[in-house]
1. Any residue at all in the range 130-144 that's among the hydrophobic types (A, V, I, L, M, F, W, C), more than 14 Å from Q44 (Cβ to Cβ) and open to solvent by 20 Å² or more (accessible area, probe 1.4 Å)?
2. Select, from Q16, Q52, Q44, the only residue that is open to solvent by 40 Å² or more (accessible area, probe 1.4 Å), at pLDDT below 80 and either within 24 Å of R147 (Cβ to Cβ) or assigned to a helix (DSSP H, G or I) (or both).
3. Among the residues of the range 58-92, count how many are among the polar types (S, T, N, Q) and under 24 Å from E45 (Cβ atoms).
4. Could you look through the range 228-255, keep only residues that are open to solvent by less than 60 Å² (accessible area, probe 1.4 Å) and of a type in the set (K, R), and pick out the one that is nearest to the chain's Cα centre (by Cα)?
5. Just for the range 295-314: of the residues that are open to solvent by 70 Å² or more (accessible area, probe 1.4 Å) and charged (D, E, K, R), which one is nearest to the chain's Cα centre (by Cα)?
6. For the range 88-104, does any single residue satisfy the condition of being more than 21 Å from R122 (Cβ to Cβ), of a type in the set (F, W, Y), modelled with pLDDT under 85 and open to solvent by 20 Å² or more (accessible area, probe 1.4 Å)?
7. Going by what's in this entry, would R275 be described as in a helix (DSSP H, G or I) and among the basic types (K, R)?
8. For the range 243-271, enumerate the residues that are touching a residue at least 12 places away in the same chain (Cβ under 8 Å), under 22 Å from Q312 (Cβ atoms) and part of a helix (DSSP H, G or I).
Amino acid sequence: MARRQWSIAAQLFALQAVVVTLLVLAGAAGAVWLARSDSRQAAQEEVLAVAQTVAGSPDVRAALATADPASILQPYAEATREATGTDFVVVMAPDRTRFSHPTRERIGEPFVGDIGPALAGRAFTTTNVGTLGESVRAVVPVYDEQRRIVGLVSVGITTRAINRKLLGQLPVLFGVAAPALALAATGSWLLSRRLRRQTHGLGPAQMTRMYEYYDAVLHSVREGLVVLTTDRRVALVNDEGRRLLGLDADTPVIDQPVAGIDLPPAAAELLGSGRDARDEPIVAGDRVLVANQRTTRFEGAVLGTVLTLRDQTELRTLASELDSVRALTEALQAQTHESANRLHTVLTLVELAAMFALILE
């Protein structure tokens, strides 16, 4: 069974669908990556602002100076965490000892993560893995009245929480990407449908083969062929047509109006009129041509006209030679008949002479 070939329209639609889908997916992936980056940036700014607010609170500084900071800082930190929507607010001593934590059992344990820049007096943000998992966190130093670092505040949002927020934005993102993909697919389908009508559903191999065959046939036939469009422009002329109409091979005629081409007057009149003609003799220089012209149609629509030309000059020469041969043959036949009559007369006279000779004897 022969393999069914895809038409050009089908191949173009498939290619466009793949390209558009990849572009939309790439755009969606880029948008997700940007949204993720923006979410992390927003989380860093948020935790840094909360940490600086907590570190600058007089209540925190006062609590750090008491004998039991945890009893004051734990309720304060938890209230702040719930109010700001962060995942942890940890207040600690410079030696990492926690005074607050979302999990009470972690109070008094050492803080997990980098605090070096904060101990040097610089607030910073970082991403670390702690007891609550990976998180985006800020660490800010707490100063006393003498600008000594008496504690540190770390505020963080876990990566899971950031991802949950990002997932909440995906429906909006896909809500924009899906219509874009549908619109692009519809445009590709309409374009392929138009192309299918224009190519009549043919595939590349079929169109290539058709062009090769038609080109070979048009240039090998011994009849001249001229194809015109409805606006009387030359769409095609083969080699024999150029020869019979006296057109050089280098003369541009394709897509040229008939009126602008140097043609024999009779041929120009016939082509310009677009009328039907059947075995009409026209003179082209020293040639006598027989022209046939018909209107071409496809599915009821007029495409133009087709003119075919046959050279009658050689036929007329052959006819003249044939007439000469026929006359010579008839003359020879007459001479043969006269010679036969003469021979018949001579034989008759010879026979009569022989008879008289016998009688006289």
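The values are calculated or read from the model by the stated rules, or taken from the named source; none is laboratory data. A quick note: this is a predicted structure, and the numbers were derived from the prediction, not measured. Note that each Cβ is placed from the backbone with ideal geometry, even for glycine, and that neighbours are counted across all protein chains shown. Side chains included, ligands, DNA and RNA excluded: accessible areas come from the protein's heavy atoms. Shrake-Rupley method; radii C 1.70, N 1.55, O 1.52, S 1.80 Å.
1. yes
2. Q16
3. Adding up the residues that qualify gives 3.
4. Out of the qualifying residues, it is R232.
5. Per the stated criteria, the residue is E299.
6. No, there is no match, as no residue in the range 88-104 is more than 21 Å from R122 (Cβ to Cβ), of a type in the set (F, W, Y), modelled with pLDDT under 85 and open to solvent by 20 Å² or more (accessible area, probe 1.4 Å).
7. Working: in a helix (DSSP H, G or I): no; among the basic types (K, R): yes.
So R275 does not fit the description; no.
8. Scanning the range 243-271 gives R243, L244, L245, A266, A267, L270, L271.
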